[in-house]
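Read-outs: derived from the displayed coordinates by stated rules, not from any lab. The structure presented is a predicted model; accordingly, all values stated were derived computationally and were not measured. Please note: Cβ atoms are built from the backbone with ideal geometry, for glycine as well, and neighbour counts cover all protein chains shown.
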Amino acid sequence: MKMEDEARKSQTAIRCAKAAILLSSLSNRNMKATIDNEDEEKEMMKMEIAGLQLVLVRERMKSKKIELCGLMEVVLEDSIISKLCILYLCFEFQ
């Protein structure tokens, strides 16, 4: 579980770094590019940044779902064990 979380965090960090690089290069290219190419490059970078942001949101949602499933598993196991203990005690003291 920890390895998966670390892998997910590293992938997320890589994606954030890519988005930051794209944003910084967007401002650098404004000065160098011609007007026609500038608009195309901006649109392409904006689309790529939007795609990376969507992927980042999906990864966060997956992470939250995994955490929730783990919590539910612990709660269910605890309730089953407590019910079995109660059942055992009921039969033991009859």
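At-a-glance table
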quantity	calculated
Potential lengthening between Val57 and Lys83 on full extension [0.36 nm per residue; Cα-Cα distance subtracted]	5.5 nm
Equivalent ellipsoid, the chain (semi-axes from 5 times Cα gyration tensor eigenvalues, Å)	55, 11, 6
Residue-span extension gain [Ser24 to Lys64] - 0.36 nm each, minus C-alpha spacing	11.4 nm
Using θ = phi - 60° and Karplus 6.51 cos²θ - 1.76 cosθ + 1.60, couplings along the range 85-94 (whole Hz; Gly, Pro as x)	5, 4, 4, 4, 5, 5, 6, 6, 9, 7
Dipole-positive endmost among Leu87, Leu71, Gln53 within the range 2-92 (Cβ charges, Cα centre)	Gln53
Fluctuation leader among Ile66, Ile80, Ile49 - the chain, Gaussian network, Cα springs under 10 angstrom	Ile80
Eligible aspartates and glutamates near Lys46 by straight Cα distance, threshold 17 Å, same-chain separation 8 or greater	Asp36, Glu38
Simple Cβ-charge dipole of the chain, Lys/Arg +1 and Asp/Glu -1, about Cα centre, in debye nearest 20	140 debye
Phi to ³J(HN,Hα) by Karplus 6.51 cos²θ - 1.76 cosθ + 1.60 over the range 68-84, Hz, x for Gly, Pro	5, 5, x, 5, 5, 4, 5, 5, 5, 4, 5, 5, 5, 5, 5, 5, 5
